Amino acid sequence: MLLHKLKITGLTHLEAGQLIKSSIKDLETATINTATDTHINAYVQKMVADSILFDKGLLQIKKNQETEDIAKLDVERDVSLAAFNRQLKVYELAVNPEFITAYKTITIVVKKYKNLAKLNYEAESNGIDNLVDDFNSPAYAPHIATLKLEDFVNRIKTTNNDFKLKFSHRSTEISSTEHYDMKSIRKNAMENYNNYTQYVLSLAKVNSADPYYTAILNIINQTRKYYSDMLAKREGGAIALPANAITG
């Protein structure tokens, strides 16, 4: 009796978490009574707890990434505002009366919103919406057209909309005060998983005539083969075959 070889270190955090979930679900699907063996039951209960921590840790990673994405989008809309202002400045020393009038008129509007980039996210979003509405209003749109600033206004609107969309869909399921160390969570989870599989393997060998441990070992190996094959395909190699040692 062998454990199907699996390079656990090759799994991503998400895949490692799914390995734990699959190990639990497959036992339930096969209607294995884990309470028959107190040690197996303890390992499974620990896997359940580990799975919950994995989900929270992964959510934290997602939220951190979203925070970075939101910050980048905020920079992009700030840059779009700066680009508009620089282009507007081109007309500061204009001699064409039409340009001078348009420049002075639009400058008055811009001054109303001069500190937009310093506001908090929500306030800046609302402020940019109002600014764009002003630029597109009958009173100012002709002047925007005169100075050929339509593309710059559209850029401001687009970058602000991109920001608002991302910001509105940010994760809120986890408190910002919670912190999960994925490295530690994974280390503890994999240690428990390895102990569980080695325990089942040992009992299956000692009690080869007992279908209880053999059935659990088969379930473990089916799950391990799935992830082993997945890693093999990712690495462009052949599908892994059963081996006599666990790797991870």
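The values are calculated or read from the model by the stated rules, or taken from the named source; none is laboratory data. Fair warning: this is a prediction, and the values are worked out from it, not measured in the lab. With ideal geometry, Cβ positions are generated from the backbone for all residues, glycine too; neighbour counts draw on all protein chains shown. Ligands, DNA and RNA are stripped out before the accessible areas are found, and what is left, the full protein with its side chains, is counted by its heavy atoms. Shrake-Rupley method; radii C 1.70, N 1.55, O 1.52, S 1.80 Å.
Considering the dipole of the stretch 39-156 built from charges on the beta carbon (Lys and Arg +1, Asp and Glu -1) around the Cα centre, which of PHE99, LEU131, ILE40 is farthest to its positive end? So the residue furthest toward the plus end is PHE99.
LYS89 exposes around 120 Å² of accessible area when a 1.4 Å probe is run over every protein chain in place. Take the Cα of ARG86, go 7 Å toward its beta carbon, and the backbone nitrogen atoms of the stretch 105-141 under 20 Å from that spot belong to 107, 110-111, 114-118.
Charged side chains reduced to their Cβ positions (Lys and Arg at +1, Asp and Glu at -1) give the stretch 121-215 a dipole of some 480 debye around its Cα centre. Dipole magnitude for the stretch 46-119: about 320 debye, using +1 per Lys or Arg Cβ and -1 per Asp or Glu Cβ, origin at the Cα centre. Straight-distance candidates among the lysines for linking to LYS205, with alpha-carbon spacing under 21 Å and chain neighbours fewer than 8 residues away dropped: LYS5, LYS225. For the residues HIS13, HIS143, HIS4, a 1.4 Å probe over the protein chains yields an accessible-area ranking, largest first, of HIS13, HIS143, HIS4.
Note on the chain: with charges restricted to the Cβ of Lys and Arg (+1) and Asp and Glu (-1), its dipole about the Cα centre is near 440 debye.
Applying a threshold of 28 Å to the alpha-carbon distances of LYS118/LYS157; LYS62/LYS187; LYS63/LYS118; LYS21/LYS166 flags LYS21/LYS166 as lying beyond it.
VAL75 contributes about 80 Å² of solvent-accessible surface, heavy atoms of the protein only, 1.4 Å probe. So for the chain, Kirkwood radius off the Cα pairs, Stokes-Einstein at 25 °C and 0.890 mPa s: how many µm² s⁻¹? Answer from the Stokes-Einstein relation: 107 µm²/s. Solvent exposure of TYR91, expressed as accessible area, is near 30 Å², computed with a probe of 1.4 Å over the protein chains only.
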